[in-house]
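**Student:** Would you mind keeping the following structure in view while I ask a few things?
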Amino acid sequence: MVRLLTFSAVALTCVNAAIGLWLIVYRLVGNRRLRTLAAARDRLKPAVLGWIDGDEEPPSQANPTDYLAIADLLASYGRAVRGGARQRVADLARETGMIERMIGELRSRRGWRRAVAAYRLGDLASREDAAQPLMAILRDRDRRVTAASARSLGLLGAVQAVEPLVRGLASGQLTRPVGAQALRLLGTEASASLANLLTAEEEEVRAMAAELLGLIGNVGRTDQLIEVLDDPSPEVRVRATRALGRIGDSGASAALQVTLSDPVPFVRAAAATALAKVGHSDSFDQLIEIAQNDVFVSAHAAAYAAAYLQPEQVELLASKRELSIHLQEAADLLQVVG
Amino acid sequence: MGTLVSLLSGTVIVYFVVLNLTYLGFTLLAWRELVRYRHSRESSPIDEVFRSPLTSPVSILLPAFNEEAGVVDSVESLLHLRYPEFEVIVVDDGSTDGTLAALGEAFDLVPVRKALQTEIGTAPVRQTLFSRKHHNLWVISKDNGGKADALNSGLNAARYPYICAVDGDAVLEQDALLRVMMPIVENPNVVATGGIVRIANGCQIDHGRVTEVGLPKSRLATLQVVEYLRAFLVGRVGWSAIGGLMIISGAFGVFKRSVVMEAGGYSVRTVGEDMELVVRLHRHLRQQARAYEIAFVPDPVCWTEVPEDLTTLGMQRRRWQRGLAETLWTHRRAIGQPGMGSLGWLAMPYFVLFELLGPLVESAGYLVIPVAAALGVLSAEYLLAFLVLSVVWGTLLSISALALEEISFRRHPRSRHVVRLALYALTDNLGYRQLSNLWRLRGLIDFLAGKQGWGVMNRKGLNRSRDGIPSREAA
Amino acid sequence: MANDDLNLRVLAADDDPDILDLISYRLERSGCEVIRASDGEQALELAISRQPDLAVLDVMMPKIDGYEVTRRLRANPDTAGIKVILLTASAQEPDVVKGFEAGADDYMTKPFSPQELRLRLVAVANRR
C-alpha cells in the first residue's frame, strides 16, 4: 500500500513538472509566434492598405507567416469597411486563394472550424464567391455554424438567403438576434417573403415574420400586418403590434386602437406604445383610462404613450384630478425631460 | 480505541480519495468546456447582437451603502458599457454619508415619482430620482435594509425583462454585459448567467476599466488569485457543464426578472443571498417542471478587490461558510428529492459533504491521523506517503487551473507572472489551505451557534459581495 | 483614388487601431496631416494642443465617449471651431439625434467607406 502511495506521489510529481514545463514552453513558443506575426503584420500593413485604397500592386507574400498576416489584416479591415474598399478586400482574398481555402473549411468535420470559416467569409468574401456555400450550411446541426453563416449572408447582401433564414429563425435553429440582423441588412427584398409567411401554419413562423417586417420597416406591409392583429395567438398579436409601431404608419392607428382592448395585458401594453409611435391622438382618452385602471404593465405603457402624444393635456390633468402613479411618473418626467 | 481510530482515519482517507477524484473529474470537464468556448469566441456574433434591436434590454441594479468615494465612478463605468439598451438603477440603501449627494451632483438628479411593483416587500422607499444628464439612470433612496433588500427594491423598479445585479466596487469589462447575455440571446430558456470574477489587486485601473493586468504584491492576495482561478475556471465551469451550477456571483450576474419575482426575490434572512437565490430558482423551476438553464460564461467579465490582510480575509471566509450553511439548510429538502435532477442527487449532496463539512473532516484528519500513527494503527511510512501524495495532488489541481487559464484567456501577459503564480500554486497547500479550513470551520460553528446578520458590521454593511466561493478548491 | 492636396489637419480617434489605420491612410494620401488618438481623453488633449481643423471621432471609446468629447470641444472657445464627424456602429435614430445635439457636424456609420469619409470631410470643412 505504501509502495502504491509512494509510486503515485512520484508519478504525480512528474505530471506536475510536466505541466509546469508545458506552461513555460507554451508561453515562450506562443510569445514568439505572436511576435513574428505582429512584425509581419506591421511590415505588410502599408501594402494591404494601399491595395484597399486602389493600388495596382498586391502585397507580396514571401512565406506562410506573411500569408497569415495578410489574412488577418484583410479580415480586420474587411469588417470595418464597405463599398469600393470592401470590394478590394474581396478581390485580394480571392486572388490569394483565401476564399477557396475557407470554403473548403466549411466541410470540416469539426463544428468550430466550420463556424470560424463561415464567420470569416462574411468579412472577406464577396457575395458571388461565397453566398452559395454559406447557404448550404444554414441547416448545419451546430448552432455556432448556422449563426456564423447567417451573419455572413447578411453582411454579403445575399438576398437569395431570405427564405432559408426565415425558416431557420422560425424553427429555432437560428439565433434570433443574429438571424434578424441578417434579414434587416437584406432589407426590402426580404419583406415580400416575410409577408407571405404571415399566414403560415406555425405560430412561431407567423410571429417571427411579423417581428421582422417591423424591423425592416416597409410601409407597404402595414395592411397585411393589420390583418394579423386578429391572430389567435397572443405572441403573434403582440409582435404584429410592435411591428406596426416600428413602421410608424398612421394608417394603422384605427386598428391599434381596437387592440387596446385586447384580452391579454402585454398586447394592450404593446398597442399603447405602438400608438405613441404612430402618432395618433384620437386614442388619448382610452389611454388615460387604461393608465388609471389597468394592470401594471398596460397602465405603465399607456401612461407613457399618453404623455408622449399630448404632453400638455397630461400636465393639465396632473394638476387637476387624482392620477394613478403611472401617470404621475409620466407627468413628472415630462417636466424634467420636456 | 484502536478500532475507532482506525475507522475514523479510514473514513478520512476514503473521503479524501473521493474528493480529489471529483476534483480531477471537474478539471477534465472544465478543460473540454474551455476549449469549446475559446473556439466559439472566434465566431461569436457579438457585434451583431450589439447592433440588433431584438437584443433584450437589461436593467442594471447597483445597491450602494456609504460609498460616496467610489459610487460616481462605478455608475459612470456602468453607463459606458457596450450594450444596445439598458437602464441603471442605483439603490441607495439609507447611506449615512454623502453617497446620495455625490450622485445628485454628478448626475443632475431630480425627484420624480416612479411606479414601483409591490409584489416584494422592502424597507420603505424615501424618494425616487431621475437623472437629467443620463435618461437611463434612476436612483432610489430608501431606508436601510441590507443588500438583499436593496436589490429587491431595484427589482421592483426595473422595467426590462432582465436584471443585472452588480457590486459597487466591481470593475467591469466594457463588453461584460454583452458577453454575459450571449447564452440568453442564444437560448431564451436561460434564466440566469454569470461570468468569471478576477482579482483586481495589482491591476492598473483607469476610468473604471482594467488597463493592465498585474499580480498583487501581497502574498495573501496572490494566493487568492490561484484560488479564484481554481474556483471559477474549474469549479463553476465544471458545475455549469452538468447543470448543477448553484452560484452566480453577486458581483456581476444576470437574471430573468419575472422568474426572480415569481420565486420571491432575494432573501433578506441570509448572508449568502446570491447563492440562496440561485438554489431557490432551481427548485422553483424544477417544481414546476419548466425547461430552464442556468449558464456560466467562461469569460473574465468582472474584477474585484480582495482582502490583503488575514483578519479581513478570515472574516470574509467565515461569513461565506455561514452563508453556504444557511442556504443548504434552508433548502435541505431538495437533497435527494425526486424531481430535483442533478441539483438534488449531485450538486447539493456534494456541497454538503465536501464544501460544508470539508473543513470539519480535514481538521479532524489532522487530529486523528497523527493519533493513528502514534497508536500504530497506521504505519509512519503510510502516513508520510499519504501526506506527500495529498500535497502533490493539491499542487496538481492548482497548476492545472493555471494551465487552463493559459489555454483559454491569457489575461496574465507577463511570463514572470505565470512563473510566480506557478510557485504559489506549488505552495498554497502548505499553510494557506489549513488557514482557510480554520476560518471555514469557525463559519460552520457560527451557523450552528445561530449567529445572524453580518456580525460586527451588522446588516448595514453591504460590503464586498460574496462571490460565493465556498471552498478554495473546485467550488 | 484622388490624391489631392487637402491640406487639413485632422484628429482621428478610435479605440480600434485598424479603423485608425484605414482613416489615416486614406486621409494622409489625400494630403492631410492626421493625428491619432485611441481614447476620448487623449483626443481632447490632442485637440487642445494641436488645434486640428477637423475631428473624426468614434462614439464608443474608453474613458470619454465621442459624444462627450464633442460637447467639451464645443464648450471650450479654443476648440469650438473644430468640425466634428462622429463614427458609430449603430444607426438607431436616438443615437443620431444625440450626436447632432452634442454638436457634431456629420455622422457616419460603421462599416464605413474611406472614400465617403473623405468626401464628407471636404464637405464639412468647406462649410462656414
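The values are calculated or read from the model by the stated rules, or taken from the named source; none is laboratory data. Since the model is a prediction, treat every value here as computed from it, not as a measurement. Backbone-built Cβ (ideal geometry, glycine too); neighbour counts: all protein chains shown. Heavy atoms of the whole protein, side chains included, go into the accessibility calculation; ligands, DNA and RNA do not. Shrake-Rupley method; radii C 1.70, N 1.55, O 1.52, S 1.80 Å.
**Student:** Among the residues of segment A:6-29, which ones have their accessible area go down by 30 Å² or more when all the protein chains sit together, as opposed to their chain alone (1.4 Å probe)?
**Tutor:** Those residues are A:9, A:12, A:16, A:19, A:22, A:23, A:26, A:27.
**Student:** Tell me, Kirkwood radius of segment B:1-45 from alpha-carbon pair distances, in Å?
**Tutor:** Taking the inverse mean of 1/r over all distinct Cα pairs, segment B:1-45 comes out at 13.3 Å.
**Student:** Please work out the average accessible area per residue across segment A:251-338, using the 1.4 Å probe convention, and give it in Å².
**Tutor:** For segment A:251-338, the solvent-accessible area averages 44 Å² per residue.
**Student:** A further question follows. Relative contact order of segment B:6-125: what whole-number percent is it, with Cα pairs under 8 angstrom and at least 6 residues apart? It would help to have the intermediate numbers written out before the result.
**Tutor:** Details: 73 pairs, mean separation 26.9, N = 120.
For segment B:6-125, the relative contact order is 22 percent.
**Student:** Hey, can you list the residues from segment C:6-36 whose accessible area shrinks by 20 Å² or more with all protein chains present, relative to the chain by itself (probe 1.4 Å, no ligands or nucleic acids)?
**Tutor:** C:18, C:21, C:22, C:25, C:29
**Student:** Extending each Cα 7 Å along its Cβ direction at residue B:387 and residue B:288, get the distance between those two points in nm, one decimal.
**Tutor:** 5.5 nm
**Student:** What is the angle, in °, between the Cα long axis of helix A:2-53 and the longest principal axis of the Cα atoms in chain A? Nearest 10 is fine, range 0 to 90.
**Tutor:** 80 degrees
**Student:** Right, next: Can you give the accessible area per residue of segment C:6-86, in Å², using a 1.4 Å probe? Before the final figure, lay out each step's value.
**Tutor:** Numbers: 2870 Å² over 81 residues.
That works out to 35 Å² per residue.
**Student:** Could you tell me the extents of chain B's C-alpha atoms along the three principal axes, largest first, rounded to whole Å?
**Tutor:** 77, 47, 44
**Student:** Okay, next question. Give me the percent of accessible area attributable to carbon and sulfur for segment C:9-119, probe 1.4 angstrom.
**Tutor:** Numbers: 2010 of 4090 Å².
Carbon-and-sulfur percentage of accessible area, whole number: 49.
**Student:** A further question follows. Can you give the FRET efficiency to the nearest 0.05 for residue A:8 and residue A:297, using r as the Cβ-Cβ distance and R₀ = 60 Å?
**Tutor:** Result of the calculation: an efficiency of 0.45.
**Student:** Would you check the accessible area of residue B:11, probe 1.4 Å, heavy atoms only, in square angstrom rounded to 10?
**Tutor:** Probe radius 1.4 Å; accessible area of residue B:11 about 80 Å².
**Student:** Distance check, please: which entries in C:63/C:110; B:114/C:83; B:114/B:147; B:142/B:256; C:63/C:98 exceed 30 angstrom between their Cα atoms?
**Tutor:** Cα-Cα > 30 Å for B:114/C:83; rest within.
**Student:** Stick to the Cα atoms of segment A:159-271, pair each with every other, and give me the Kirkwood hydrodynamic radius in Å at one decimal.
**Tutor:** Roughly 13.7 Å, rounded to one decimal.
**Student:** For segment C:9-119, max minus min Cα coordinate along each principal axis, in Å, sorted largest first?
**Tutor:** 32, 31, 24
**Student:** Something else: Relative to the longest principal axis of chain A, what angle (0 to 90°, nearest 10) does the C-alpha long axis of helix A:203-216 take?
**Tutor:** Between the helix axis and the principal axis of chain A, the angle is about 90 degrees.
**Student:** Give me the distance in nm between label points sitting 7 Å out from Cα along the Cα-to-Cβ direction at residue C:97 and residue B:379, one decimal.
**Tutor:** 8.4 nm
**Student:** Give the span of chain A's Cα atoms along each principal axis, as three whole-Å numbers ordered largest to smallest.
**Tutor:** Result, largest extent first: 81, 70, 45 Å.
**Student:** Moving on. Tell me which aspartates and glutamates have Cα within less than 17 Å of residue B:217's Cα, excluding those fewer than 8 residues away on the same chain?
**Tutor:** Partners found: B:227, B:305, B:308, B:309, B:428.
**Student:** To continue, here is another question. Quick one: dipole size for chain B, taken about the Cα centre, charges +1 on Lys/Arg Cβ and -1 on Asp/Glu Cβ, in debye to the nearest 20.
**Tutor:** The dipole magnitude comes to about 740 debye.
**Student:** Then there is this: If I take R0 = 22 Å and measure r between the Cβ atoms of residue A:204 and residue B:259 in this structure, what FRET efficiency does the formula 1/(1 + (r/R0)^6) give, to the nearest 0.05?
**Tutor:** Rounded to the nearest 0.05, the efficiency is 0.55.
**Student:** Go from 0 up to the bin containing the longest alpha carbon distance in segment B:386-439, width 5 Å each, and give me the % of pairs per bin.
**Tutor:** Percent of pairs per bin, in order: 4, 19, 24, 23, 15, 10, 4, 0.
**Student:** Here's a follow-up. What would the Debye equation give as log₁₀ I(q)/I(0) for the protein assembly as shown at q = 0.04, 0.07 Å⁻¹, counting only Cα atoms as equal point scatterers?
**Tutor:** -0.21, -0.65
**Student:** Now, a different point. In square nanometres and to one decimal, what's the mean projected area of the convex hull around the Cα atoms of segment B:246-319? Mind dumping the intermediate values first?
**Tutor:** On the way: hull surface 24.7 nm².
Averaged projected area of segment B:246-319's Cα convex hull equals 6.2 nm².
**Student:** If you average the alpha carbon positions of segment A:37-89 and of segment B:105-181, how far apart do those two centres end up, in angstrom?
**Tutor:** First find each Cα centre; the distance between them is then 47 Å.
**Student:** Any idea how far apart residue B:14 and residue A:33 come out in nm if each label point goes 7 Å out from Cα toward Cβ?
**Tutor:** That separation, rounded to one decimal, is 4.7 nm.
**Student:** By its C-alpha gyration tensor, with a ≥ b ≥ c as the square roots of the eigenvalues, how is segment B:358-453 shaped: rounded for a/c under 1.5, else prolate for a/b larger than b/c, else oblate?
**Tutor:** The shape class here is oblate.
**Student:** Let me ask you something else. Please sort by residue number the trypsin sites (Lys or Arg not before Pro) in segment B:281-330 whose DSSP state is loop and whose Cβ has at most 16 other Cβ atoms within 10 Å. Intermediate values should be presented prior to the final figure.
**Tutor:** On the way: sites: B:283, B:286, B:290, B:317, B:318, B:319, B:322; in loops: B:290.
Loop-located and lightly packed - B:290.
**Student:** As a test of reading the structure, rank C:124, A:297 by solvent-accessible area (1.4 Å probe, protein chains only), most first.
**Tutor:** So, going from the largest accessible area down, we get A:297, C:124.
**Student:** Based on the Cβ-Cβ distance of residue A:56 and residue B:6, what FRET efficiency does E = 1/(1 + (r/R0)^6) give at R0 = 56 Å, to the nearest 0.05?
**Tutor:** 0.05
**Student:** Something else: Could you tell me which of rounded, prolate or oblate describes segment A:51-168, using a ≥ b ≥ c as the square roots of the eigenvalues of the alpha-carbon gyration tensor, with rounded for a/c under 1.5 and, failing that, prolate when a/b is larger than b/c and oblate otherwise?
**Tutor:** It is oblate, given that a/c is not under 1.5 and a/b is not larger than b/c.
**Student:** I want the antiparallel fraction of DSSP beta bridges within the protein assembly as shown, as a percent rounded to 5.
**Tutor:** For the protein assembly as shown, the DSSP antiparallel bridge percentage is about 30.
**Student:** Let me ask another. Please give the per residue volume of the convex hull enclosing the alpha carbon atoms of segment A:251-338, rounded to a whole number of Å³.
**Tutor:** 77 Å³
**Student:** Along the charge dipole of segment C:9-119, pointing to its positive end and built from +1/-1 on Cβ of Lys, Arg, Asp and Glu, which listed residue (C:48, C:66, C:12) has its Cα farthest out?
**Tutor:** The residue sitting farthest along the positive end of the dipole is C:48.
**Student:** Which whole-angstrom value gives the distance between the alpha carbon centres of segment B:8-58 and segment A:191-234?
**Tutor:** If you average the Cα positions of each part, the centres end up 40 Å apart.
**Student:** I've got another one for you. Can you give the longest stretch of chain A with no exposed loop site, where a site means GluC sites (Glu not before Pro) in a DSSP loop (not H, G, I, E or B) with at most 13 other C-beta atoms within 10 Å? Walk me through the numbers before you get to the answer.
**Tutor:** Numbers: sites that count: A:56, A:201, A:202, A:322.
Result for the longest clean stretch: A:57-200.
**Student:** Nothing charged except the Cβ atoms of Lys and Arg (+1) and of Asp and Glu (-1): what's the magnitude of the dipole of segment C:9-119 about its Cα centre? Round to the nearest 20 debye.
**Tutor:** So the dipole magnitude of segment C:9-119 works out to roughly 320 debye.
**Student:** What percent does the relative contact order of chain C come to when contacts are Cα pairs within less than 8 Å and at least six residues apart?
**Tutor:** Working: 222 pairs, mean separation 28.0, N = 128.
For chain C, the relative contact order is 22 percent.
**Student:** Sort segment B:263-304 into rounded, prolate or oblate with this rule: let a ≥ b ≥ c be the square roots of the eigenvalues of the Cα gyration tensor; rounded if a/c is under 1.5, and if a/c is not under 1.5, prolate when a/b is larger than b/c, oblate otherwise.
**Tutor:** oblate
**Student:** Sticking with this one: Suppose every K and R has +1 on its Cβ and every D and E has -1 on its Cβ; what is the size of the dipole of the protein assembly as shown about the Cα centre, in Debye to the nearest 20?
**Tutor:** Value, rounded to 20: 2920 debye.
**Student:** Pick out, from B:424, B:379, B:435, the residue whose Cα sits farthest towards the positive end of the charge dipole of chain B, with +1 on the Cβ of Lys and Arg and -1 on the Cβ of Asp and Glu.
**Tutor:** B:379
**Student:** Next up: For chain B, what is the accessible area per residue in Å², given a 1.4 Å probe and the full set of protein chains?
**Tutor:** Here the residues of chain B average 36 Å² of exposed surface.
**Student:** Further, regarding this structure: Contour minus end-to-end for residue C:109 and residue C:126, with contour as 0.36 nm per residue of separation and end-to-end as the Cα-Cα distance?
**Tutor:** That pair, residue C:109 and residue C:126, stretches by 4.0 nm at full extension.
**Student:** Projected onto the charge dipole of chain A (+1 at Lys/Arg Cβ, -1 at Asp/Glu Cβ, origin at the Cα centre), which of A:269, A:299, A:126 gives the Cα projection farthest towards the positive end?
**Tutor:** A:126
**Student:** At a probe radius of 1.4 Å, figure out the B/A buried accessible area, summed over both chains, and give it in Å² to the nearest 100.
**Tutor:** Summing both sides, the interface buries roughly 4500 Å².
**Student:** Return one number: the angle in degrees, 0 to 90 and rounded to the nearest 10, between the long axis of the Cα atoms of helix B:273-287 and the longest principal axis of the Cα atoms of chain B.
**Tutor:** Orientation of helix B:273-287: about 90 degrees from the principal axis.
**Student:** Right, something else. Leaving out ligands, DNA and RNA, and with a 1.4 Å probe, what % of the accessible surface on chain A is carbon or sulfur? Numbers along the way, then the final one.
**Tutor:** Values: 8160 of 15440 Å².
Result for chain A: 53 percent of the exposed heavy-atom area is carbon or sulfur.
**Student:** Let me ask something additional. Counting each DSSP H run of 4 or more residues in the protein assembly as shown as -39500 (n - 2.57), what helix-only mean residue ellipticity at 222 nm follows after dividing by all residues, to the nearest 500 deg cm²/dmol?
**Tutor:** -18500 deg cm²/dmol
**Student:** Between residue B:360 and residue B:449, 0.36 nm times their residue separation minus their Cα-Cα distance comes to what?
**Tutor:** Computed gain between residue B:360 and residue B:449 is 30.5 nm.
**Student:** Report relative contact order for segment B:119-177 in percent, whole number only (criteria: Cα-Cα under 8 Å, sequence separation at least 6).
**Tutor:** 29 percent
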